[in-house]
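Worksheet: one structure, shown below.
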Amino acid sequence: MNDPKRYIARHVVDLPKSGIRDFFEIVAKMSDVISLGIGEPDFDTPWHIREAAIYALERGKTHYTSNLGLIELRRAISAYVAKHYQLAYRPESDVIVTVGVSEAIDLALRALVDPGDKVLFHEPCYVSYHPSVTLAHGQAIGVTTRAQDGFALNAEDIARAWEPGCKVLMMNLPCNPTGGTCDRERLEKIAKFAVEKDLIVLSDEIYSELVYEGGHVSIATFPGMKERTLFLHGFSKAFAMTGFRIGYACGPAELVEAMMKVHQYSMLCAPILAQEAALEALLRGEDDVLRMREQYQRRRDLIVRRLNEAGLACHLPRGAFYAFPSIAATGLSERDFAYGLLEAEKVAVVPGAAFGPSGRGFVRASFATGYTQLTEACDRIERYVQGLAAKRR
Amino acid sequence: MNPVLKLLAEGGNLSTAQMAQVAGLSQAEIERHLEQLRQDKVFLGWRAVLDLSREASAAVRAVIEVKITPERGGGFNRLADRISRFDEVESCYLMSGGYDLLIFVAGPSLQKVASFVSERLSTIEGVLSTSTHFMLRSYKEGGYLIGAPAEPTGRLKVAP
């Protein structure tokens, strides 16, 4: 009778644990593992950005900021978004600084979703999407993306999944874990559908600097979209600042105001030192972004080529830093493949089903890892796959 | 840009086999590019980046500012070349500003370096003056930090 679990809210009890979690426990106990399972840059934050945080601390920048974030940072964000995404947001009212994009997603969902409202999201996707919707008492509806499209999102698939009561469309392009992106034509169709069905779009563009071909287009730039889009972005990936936890949302002032209410009563503000570092990143960090992107692109070409040579069919991801090969040819499930690879060759990849049902038959291999480790990991994967093939014969 | 030159310039410390994988070329092609760079005198050679401060036999190193007289026709080049040929000289640069050449020298002892300066360098005709600064401690060498503890960054082994 004295089970503390009885106090836990029903919708939290029912939340599945992240599929990465149990795998992580095993990997954490092993030594000498080459991990391609890490969803963050291997680069340390560029020194001038770290130094700016130290300097801010020296100057006594230890107080709360405005709920919306430092005005200097919001101005810099507004200028950056205008320059790179051709979107104009007023720093005073249309921008809010958050604790990573994760908080921005949470704020947006809590600000927008009434209990039972339906939220469309494409999968495989980042592990928190579905749970975030559940935590906001919404109903998440998955939209399938496929390897043959390079895991791009199709308006037709959204339309098929759509049902009455759908209010929000969540997008993450380029996508973690697939690296999928959408070309202009696809985005245009999605935008038309969103307008037609009066959907509000949460566009998580955290990987948008890391697009290797064709450039990045935000869905918010299409006719009728800016007023129904929350543009979500942050510093973690492009500037290698994951631990600083700084993200932001831009959108119509009324929606940003609603998000600010939730933020004000839960988080109050993002940490000031991290905001100061983020400001430095925007003012002087764009060369760092280009330098790191060039490295990621080369590593991508390397790992995708090697995976295909090893017999694992892998599309060329146009963005982000993940390869998402099919392991169907091995005859194993993604889970058995990942555990087997870990045991036999001490290489960690993440089973694709952790990112949604459409991830079955795939694994995620992050190429945010140095060349020496990456080439060694490729050698080991090749050996493992060849070993499996020999066994089947 | 020559793909091998790009990798070398980044200082990534890759073997030719690794370069081949990164550049998507065969190892033979990498070797060919290297040879071309060597012939073009762009690639001058390999040299290890070392921190010898913990070694008993560590070299004494100094930076020397040298003022010289430029010559009609050749400018600074003939004298710079002549100075550069000494084994003690590791690097030699023509500088703007208050002196002409900046040279990096190394020797087995303070006396050896001092005698190189007083007996060889400063007695060369055309050398007007020298100003020698001995190095006390190195904090960064060829792009590598020295002395800073290599702490693990604490990156998780698996993260979403």
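The values are calculated or read from the model by the stated rules, or taken from the named source; none is laboratory data. Just so we're clear, the structure is a prediction, and the values are computed from it rather than from any experiment. Using ideal geometry, Cβ is built from the backbone for each residue, glycine included, and neighbour counts are taken over all protein chains shown.
Among the residues of segment A:289-316, those identified as without any contact (Cβ under 8 Å) to a residue 24 or more places away in the chain, surrounded by fewer than 17 Cβ atoms within 10 Å (Cβ to Cβ) and either away from every other protein chain (no Cβ under 14 Å) or under 21 Å from the mean Cα position of the chain (by Cα) (or both) are A:Leu290, A:Arg291, A:Glu294.
Looking across A:Ser132, A:Ser208, one residue alone is polar (S, T, N, Q) and closer than 24 Å to A:Glu254 by Cβ. It is A:Ser132. Annotation note: Cβ proximity below 8 Å between a residue of segment A:100-129 that is closer than 10 Å to A:Ala140 by Cβ and touching a residue at least 40 places away in the same chain (Cβ under 8 Å) and a residue that is surrounded by fewer than 21 Cβ atoms within 10 Å (Cβ to Cβ) and of a type in the set (S, T, N, Q) (sequence gap 6+ or interchain) occurs for A:Lys118/A:Gln139; A:Val119/A:Gln139; A:Glu123/A:Thr144.
Would you confirm, using the coordinates I've provided, whether B:Val42 is touching a helix residue (DSSP H, G or I) at 6+ places or on another chain (Cβ under 8 Å) and part of a strand (DSSP E or B)? So B:Val42 fails the test. Evaluation of A:Glu213 against the conditions (1) surrounded by fewer than 23 Cβ atoms within 10 Å (Cβ to Cβ); (2) modelled with pLDDT of 95 or more shows that the sole unmet condition is (2). The C-beta contact set for segment A:9-25 (first residue closer than 12 Å to B:Pro160 by Cα, second residue charged (D, E, K, R) and surrounded by 13 or more Cβ atoms within 10 Å (Cβ to Cβ), distance under 8 angstrom, 6+ apart or interchain) comprises A:Phe24/B:Lys157. For segment A:28-44, which positions are at the interface with chain B (Cβ under 8 Å from one of its Cβ atoms) and either crowded, with 21+ Cβ neighbours inside 10 Å or within 19 Å of A:Gln295 (Cβ to Cβ) (or both)? Correct list: A:Ser35, A:Gly37, A:Ile38, A:Gly39, A:Glu40, A:Asp42, A:Asp44.
When B:Ala80 is tested against the conditions (1) farther than 30 Å from A:Glu309 by Cβ; (2) more than 20 Å from the chain's Cα centre (by Cα); (3) in a helix (DSSP H, G or I), the lone failure is (2). Annotation: of all residues in segment A:355-385 being touching a Gly at 6+ places or on another chain (Cβ under 8 Å) and away from chain B (no Cβ under 14 Å), the one that is surrounded by the fewest Cβ atoms within 10 Å (Cβ to Cβ) is A:Pro357.
Could you please find all residues in segment B:139-160 being in a loop (DSSP other than H, G, I, E, B), more than 7 Å from chain A (Cβ to nearest Cβ) and not hydroxyl-bearing (Ser, Thr, Tyr)? Once the filter is applied, which keeps residues that are in a loop (DSSP other than H, G, I, E, B), more than 7 Å from chain A (Cβ to nearest Cβ) and not hydroxyl-bearing (Ser, Thr, Tyr), segment B:139-160 yields B:Gly142, B:Gly143, B:Ile146, B:Gly147, B:Ala148, B:Pro149, B:Ala150, B:Glu151, B:Pro152, B:Gly154. Taking the numbered list (1) surrounded by fewer than 19 Cβ atoms within 10 Å (Cβ to Cβ); (2) at pLDDT 95 or above; (3) in a helix (DSSP H, G or I); (4) not aromatic (Phe, Trp, Tyr) in turn, A:Ala104 passes all entries but (1).
The residue that is farthest from the chain's Cα centre (by Cα), counting only those in segment A:317-335 that are part of a loop (DSSP other than H, G, I, E, B) and under 14 Å from A:Leu307 (Cβ atoms), is A:Ile327. Can you say whether B:Leu37 is within 14 Å of chain A (Cβ to nearest Cβ), farther than 19 Å from B:Tyr139 by Cα and not β-branched (Val, Ile, Thr), as far as the supplied structure shows? Taking the combined requirement at face value, the residue does not satisfy it.
Among the residues of segment A:71-85, are any touching a residue at least 24 places away in the same chain (Cβ under 8 Å) and within 10 Å of another protein chain (Cβ to nearest Cβ)? Within segment A:71-85 (the criterion being touching a residue at least 24 places away in the same chain (Cβ under 8 Å) and within 10 Å of another protein chain (Cβ to nearest Cβ)), the answer is no, since none of the residues qualifies.
Looking for whichever is exposed (fewer than 12 other Cβ atoms within 10 Å of the Cβ), within 14 Å of chain A (Cβ to nearest Cβ) and either in contact (Cβ under 8 Å) with a residue 60 or more places away in the chain or small (Gly, Ala, Ser) (or both) here; the options are B:Ala28, B:Ala9. Which one fits?
Exactly one of B:Ala28, B:Ala9 is exposed (fewer than 12 other Cβ atoms within 10 Å of the Cβ), within 14 Å of chain A (Cβ to nearest Cβ) and either in contact (Cβ under 8 Å) with a residue 60 or more places away in the chain or small (Gly, Ala, Ser) (or both), namely B:Ala9.
I need the full set of residues from segment B:1-18 which are in a loop (DSSP other than H, G, I, E, B) and not charged (D, E, K, R), in order please. Hits for segment B:1-18 are B:Met1, B:Asn2, B:Gly11, B:Gly12, B:Asn13, B:Leu14, B:Ser15. Restricting attention to segment A:109-159, the residues that are more than 14 Å from every other protein chain (Cβ to nearest Cβ), of a type in the set (S, T, N, Q) and under 22 Å from A:Thr181 (Cβ atoms) total 4. May I ask you to verify whether B:Val22 is under 30 Å from B:Arg137 (Cβ atoms) and either within 14 Å of chain A (Cβ to nearest Cβ) or surrounded by 13 or more Cβ atoms within 10 Å (Cβ to Cβ) (or both)? No.
Within segment A:51-73, the presence of a residue that is in contact with a Leu (Cβ under 7 Å, 6 or more places away or on another chain) and under 24 Å from A:Pro174 (Cβ atoms) is excluded. Counting the residues of segment B:84-124 that are farther than 23 Å from B:Ala48 by Cβ and of a type in the set (Phe, Trp, Tyr) gives 2. Which residue is farthest from A:Ile206 (Cα to Cα), if the candidates are limited to segment A:107-120 and must be surrounded by fewer than 23 Cβ atoms within 10 Å (Cβ to Cβ) and touching a helix residue (DSSP H, G or I) at 6+ places or on another chain (Cβ under 8 Å)? Among those residues, the one meeting the criterion is A:Val113.
A quick yes/no check of all residues on (1) surrounded by 15 or more Cβ atoms within 10 Å (Cβ to Cβ); (2) under 30 Å from A:Ser31 (Cβ atoms); (3) of a type in the set (D, E, K, R); (4) at pLDDT 90 or above:
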| site | (1), (2), (3), (4) |
| --- | --- |
| B:Glu90 | no, no, yes, yes |
| B:Leu102 | yes, no, no, yes |
| B:Phe116 | yes, no, no, yes |
| B:Ala148 | no, yes, no, no |
| B:Gly154 | no, yes, no, no |
| B:Lys157 | yes, yes, yes, no |
